Amino acid sequence: MQNVRIAPSILSADFACLGEEVRAIDAAGADFIHVDVMDGHFVPNLTIGPMVVKALRGHSDKVFDVHLMISPVDPYVEEFAEAGADIITVHAEAGPHIHRTLQLIRSLGKRPGVSLNPGTPADVVDMIIDDVDLILVMSVNPGFGGQKFIESQLRKIEALRAKIDATGRDIRLEVDGGINAETAPRVVAAGADVLVAGSATFKGGPDAYASNIKMLRGE
Ligand code: DX5
Ligand code: ZN
């Protein structure tokens, strides 16, 4: 099995003490800190902006995996880069010029990722796969934590794994939404190597984070 990385989504953390929560998941073995940025326009929810990413940056040296669910996205990319994001993932559907946006992220010295909504086919990556370091498959419709995994995305993960392997490049294949003890091994078997998990990481409070992360890793 490939080396699976766990990316707790702080969307399910206690927002009244986010710094502490980030330190707690870092200590509990998180590989990436997954930050969900929502604009109330591209997705029907509002969360956090670059100021919060900047404030949290000092609380962990782990990879900051910033998932932008916003449109337009280009005017904000630089601010998230300056705030300390390591990976900046944008939605293929957020438009209008995904190729340009990925170049912009790369030009700022950050790792570009592209995310696909559940209704978006795998082939959308064909013309940009050489420009990304990560592909994020949304296995729920973006906007909220705690939703049910959409089964059809397993086929998309398999198709994307084949495309990634064909490039010979080191591109992460991340899955986000409804990941838990039951779905984690199935998405890994389909070819995913980064698992985002909000509710499954944070359930039970800080004392449970380490065992929750182990469980997601299949240990
Ligand atoms: C949804 C977000 C996810 C979300 C996952 O739009 O992108 O990262 O927090 O939450 P769970 O793991 O609870 O499905
Ligand atoms: Zn996310």
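The values are calculated or read from the model by the stated rules, or taken from the named source; none is laboratory data. No experiment lies behind these values; they were computed from the predicted model shown. Cβ sites come from the backbone with ideal geometry, for glycine too, and all protein chains shown count toward neighbours. We work out accessible area using only protein heavy atoms, side chains counted, and drop any ligands, DNA or RNA first. Shrake-Rupley method; radii C 1.70, N 1.55, O 1.52, S 1.80 Å.
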Subject >> Matching residues, segment 165-187, being among the β-branched types (Val, Ile, Thr), over 21 Å from residue 110 (Cα atoms) and either open to solvent by 10 Å² or more (accessible area, probe 1.4 Å) or part of a loop (DSSP other than H, G, I, E, B) (or both) >> reply: 179, 183
Original post:
Which residues, counting only those in segment 100-116, are open to solvent by 70 Å² or more (accessible area, probe 1.4 Å) and in a helix (DSSP H, G or I)?
Top reply: 100, 103, 106, 107
Original post:
Does any residue in segment 52-68 that is in a strand (DSSP E or B) come within less than 8 Å, Cβ to Cβ, of a residue that is modelled with pLDDT of 95 or more and open to solvent by 50 Å² or more (accessible area, probe 1.4 Å) six or more places away or on a different chain, and which pairs are these?
Top reply: 64/57; 68/76
Original post:
Is there a residue being in contact with a Pro (Cβ under 9 Å, 6 or more places away or on another chain), among the small types (Gly, Ala, Ser), within 14 Å of ligand 1 (Cβ to nearest atom) and closer than 23 Å to residue 28 by Cβ anywhere in segment 142-163?
Top reply: no
Subject >> Selection from segment 117-147 of residues that are among the charged types (D, E, K, R) and either under 17 Å from the mean Cα position of the chain (by Cα) or part of a helix (DSSP H, G or I) (or both) >> reply: 123, 130, 131, 133
**OP:** Answer yes or no as to whether residue 144 is open to solvent by less than 10 Å² (accessible area, probe 1.4 Å) and among the aromatic types (Phe, Trp, Tyr).
**Re:** no
**OP:** Kindly provide the set of residues from segment 12-38 that are farther than 22 Å from residue 188 by Cβ, within 16 Å of ligand 2 (Cβ to nearest atom) and open to solvent by 40 Å² or more (accessible area, probe 1.4 Å), ordered by number.
**Re:** 15
Original post:
Does residue 213 qualify as being in a helix (DSSP H, G or I), open to solvent by less than 70 Å² (accessible area, probe 1.4 Å) and more than 16 Å from ligand 2 (Cβ to nearest atom)?
Top reply: yes
Original post:
Out of curiosity, is residue 178 in contact (Cβ under 8 Å) with a residue 24 or more places away in the chain and on the phi > 0 side of the Ramachandran plot?
Top reply: yes
Original post:
Taking into account only those residues within segment 82-99 that are part of a helix (DSSP H, G or I) and out of contact with any Pro (no Cβ under 9 Å at 6 or more places or on another chain), which is nearest to residue 44 (Cα to Cα)?
Top reply: 93
